[in-house]
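Remarks on the structure that follows.
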Amino acid sequence: MKTIVAANVLAILPMAVNALDLTGLPSALAEKVAVAQQACAKNENGEFALEWGAVTRTDLDGDQQSDWVLDESAYACSTAVSLFCSTGGCTSHFLVGDVVASFRNQGWTVLTFGRNPVLLTRVHGSDCGGNSPTPCFVARAWDPDVKVWRSVEARTE
């Protein structure tokens, strides 16, 4: 089933996408690409392109194995400049094992704190009580025991 989904996604995407090596893309992420391609096609028969940098491999959970990130900031649709992103950012899909978590952000990086990788995402300033240019970040750590991302809202005393 996973191979069929990935093969179907590759078959419907234009040549710009095929320039990237998506043959090993997990089916959960291939499905995200297929949904984006369909959304673009529904918008005045747009042509979808997956640009370089859309897929990243990095260790998100600290097991020394590369996990997957699919970043919608590298999606393009010929008929809609802002179909996938807005002033709030773009959605990135983080796949650890068989769990996909999607977070809207204006950029992300993975830092190491002690032995734990920390996913740091820049978010819209309104999430911190400000406006667009207000610096605002969310830090998350993967909890392998329950397979969820952990974070806490900042508190000041």
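Couple of notes before you dig in:
- Start at zero, step by 10 Å, and the Cα-Cα distances of region 72-157 spread as 15, 42, 32, 10, 1 percent across the bins.
- For region 92-136, a Kirkwood radius taken over Cα pairs fed into Stokes-Einstein (25 °C, viscosity 0.890 mPa s) yields D = 206 µm²/s.
- Heavy-atom accessible surface of region 22-157: percent carbon and sulfur, 1.4 Å: 49
- In this structure region 41-108 gives 51 Å² per residue of accessible area when probed at 1.4 Å with all protein chains present.
- Intensity falloff of region 21-129 expressed as log10 I(q)/I(0), Debye formula with alpha-carbon point scatterers, at q = 0.17 Å⁻¹: -0.85
- When the Cα positions of G129, V81, T91 are compared along the charge dipole of region 71-152, G129 comes out farthest toward the positive end, with charges on each C-beta of Lys, Arg, Asp and Glu.
- Relative contact order of region 19-100, defined on C-alpha pairs under 8 angstrom at six or more residues apart (%): 26
The values are calculated or read from the model by the stated rules, or taken from the named source; none is laboratory data. Please read these numbers as outputs of a predicted model, since none were measured by experiment. Don't worry about glycine lacking a Cβ; one is built from the backbone with ideal geometry, like all the others, and counts go over all protein chains shown. Surface areas here come from the heavy atoms of the whole protein model, side chains and all, with no ligands, DNA or RNA. Shrake-Rupley method; radii C 1.70, N 1.55, O 1.52, S 1.80 Å.
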